[in-house]
1. Tally time: how many residues in region 114-123 are modelled with pLDDT under 90 and in contact with a Gly (Cβ under 9 Å, 6 or more places away or on another chain)?
2. Please go through region 55-69 and pick out each residue that is in contact with a helix residue (DSSP H, G or I) (Cβ under 9 Å, 6 or more places away or on another chain) and either surrounded by fewer than 16 Cβ atoms within 10 Å (Cβ to Cβ) or outside the structural domain of Pro26 (by TED's automatic domain parsing) (or both).
3. Filter the strands (runs of 3 or more DSSP E) completely within region 204-267 down to those with at least 3 residues that are in the same structural domain as Asp159 (by TED's automatic domain parsing) and modelled with pLDDT under 80.
4. Has region 89-112 got at least one residue that is surrounded by fewer than 17 Cβ atoms within 10 Å (Cβ to Cβ), within 28 Å of Pro26 (Cβ to Cβ) and touching a strand residue (DSSP E or B) at 6+ places or on another chain (Cβ under 8 Å)?
5. Which one is nearest to Ala43 (Cα to Cα) among residues in region 1-18 that are in contact with a Pro (Cβ under 9 Å, 6 or more places away or on another chain) and surrounded by 17 or more Cβ atoms within 10 Å (Cβ to Cβ)?
6. For region 175-190, which residues satisfy the criterion of being out of contact with any Gly (no Cβ under 6 Å at 6 or more places or on another chain), at pLDDT 85 or above and either buried (at least 18 other Cβ atoms within 10 Å of the Cβ) or farther than 17 Å from Gly126 by Cα (or both)?
7. Considering every residue within region 173-189, establish whether at least one is part of a loop (DSSP other than H, G, I, E, B) and touching a helix residue (DSSP H, G or I) at 6+ places or on another chain (Cβ under 7 Å).
8. Restricting attention to region 8-40, which residues are in contact with an Asp or Glu (Cβ under 9 Å, 6 or more places away or on another chain) and aliphatic (A, V, I, L, M)?
Amino acid sequence: MSDRAALAAFLRARREALQPEDVGLPRGRRRRTGGLRREEVAALCAMSADYYARLEQPRGPHPSEQMLAVLARGLRLSLEERDLLFRLAGHASPRRVRRGDHINPGMMRILDRLQDTPAQVVNHVGETLRQTHPAVALLGDGTAYTGLARSAHYRWFTDPAARLPHPESDHAEHSRLLVADLHGARTRDGDDSRAAELVDALNRRSAEFARIWRERPVLGPQCGVKRSRHPAVGTLELHCQTLVDPDQSQRLVVYTATPGTESHTALRLLSLLPALDDRTACHTEGAGPVIDV
C-alpha cells in the first residue's frame, strides 16, 4: 500500500538535498532555492514538470515501477534510497541481481561533470546505461537496444553490422577479449545471472563464441591507443580510461585524445554534431570489452 504523503516528503527532501553542481547544471546568479527546482528534476527524469509537481504535493498518479526507476536515477538515489522509494509507492523493492542497471550515485556525479567529453557508463555484461552527448555522437546510442541485444558483447557475435567498422585483422583479438570479459562476469555471478543468460544464448547462436568459450580465456589489461573511424570526422587515435565501480558491476569509460593532434580537434568537433545512429557511428578498434561495439 502506498503512502502518498511520505512519498511526497521523501521526493521533496531528496530534491532539496541535490545541488545543481551535483547533476551537471549551472547554478546561476539568481537561484534562491537551496536545492534543485522541480522542473529541473522533471527534466533529469524526462517527465513533465506538472507530473513531478503532483507527486510532491501529493496529489499525483500512482507511479509505476518503471517511473520509480527513472526517478531513482534522476535524483541520484543510492540502492537503499531506491528501495525505500519503491516501498513508499506501494511496490516491492527491486530484486538486487547483479545487472548493474541502477547507476551508482558517485559514478553519476562524475559523468555529470564530463558533458563535453565522450564518456559512458556500461555494466559488467556490456550494456550501455548512460552516455554523454559526445559519446553518442562518437559511438551511437547504445541505450536504444532491448533484450539480449542490449549487450554489445551479444551484438558483436550475432549482428554482422557490429563488425563492419573494425578492420578484419582485429576481429579475432576483439572476439577473444569480449569472451574473456563475459567469462569473468559469468564466474562471479553464477548460474542465475544475466551473464549466464548471455553465455548460454551465444553458445547456441555463435560457433565462434562457443569455440573461444571452451578455452576459458582470461582478460588482461587493455590500455593502448585505440583507433576509431567516424563517417563525419575520419580516423581518430584515442586513449580509453576506465573507472570501475567497487563491486565491479559498472564501468565509466572516458575517451580522450592527445592535445594538439588532429584526433583532439576531431573529438572536440564531435560534441557539436548531432548524435548518429549506432550503426553508422564509429567503433573503437581494439578497445576491449568496455567499449560499446
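The values are calculated or read from the model by the stated rules, or taken from the named source; none is laboratory data. Remember, predicted model here, so these are calculated numbers, not experimental data. Methodologically, a virtual Cβ is constructed for each residue, glycine included, from the backbone with ideal geometry; neighbour enumeration extends over all protein chains shown.
1. Going through region 114-123 one residue at a time, the tally reaches 1.
2. At the first step, the residues of region 55-69 found to be in contact with a helix residue (DSSP H, G or I) (Cβ under 9 Å, 6 or more places away or on another chain) are 55-63, 65, 67-69.
If the condition is that a residue be in contact with a helix residue (DSSP H, G or I) (Cβ under 9 Å, 6 or more places away or on another chain) and either surrounded by fewer than 16 Cβ atoms within 10 Å (Cβ to Cβ) or outside the structural domain of Pro26 (by TED's automatic domain parsing) (or both), then Gln57, Arg59, Pro61, His62, Glu65 are the ones that fit.
3. Hits in region 204-267: 226-230.
4. The answer is yes, given that some residue of region 89-112 is surrounded by fewer than 17 Cβ atoms within 10 Å (Cβ to Cβ), within 28 Å of Pro26 (Cβ to Cβ) and touching a strand residue (DSSP E or B) at 6+ places or on another chain (Cβ under 8 Å).
5. So the residue we want is Leu11.
6. From region 175-190, those out of contact with any Gly (no Cβ under 6 Å at 6 or more places or on another chain) are 175-176, 178-190; that's our starting set.
If we keep only those that are at pLDDT 85 or above as well, we get 175-176, 178-186.
Once the filter is applied, which keeps residues that are out of contact with any Gly (no Cβ under 6 Å at 6 or more places or on another chain), at pLDDT 85 or above and either buried (at least 18 other Cβ atoms within 10 Å of the Cβ) or farther than 17 Å from Gly126 by Cα (or both), region 175-190 yields Ser175, Leu178, Val179, Ala180, Asp181, Leu182, His183, Ala185, Arg186.
7. no
8. Across region 8-40, the qualifying residues are Ala8, Ala9, Leu11, Leu18, Val23, Leu25, Leu36.
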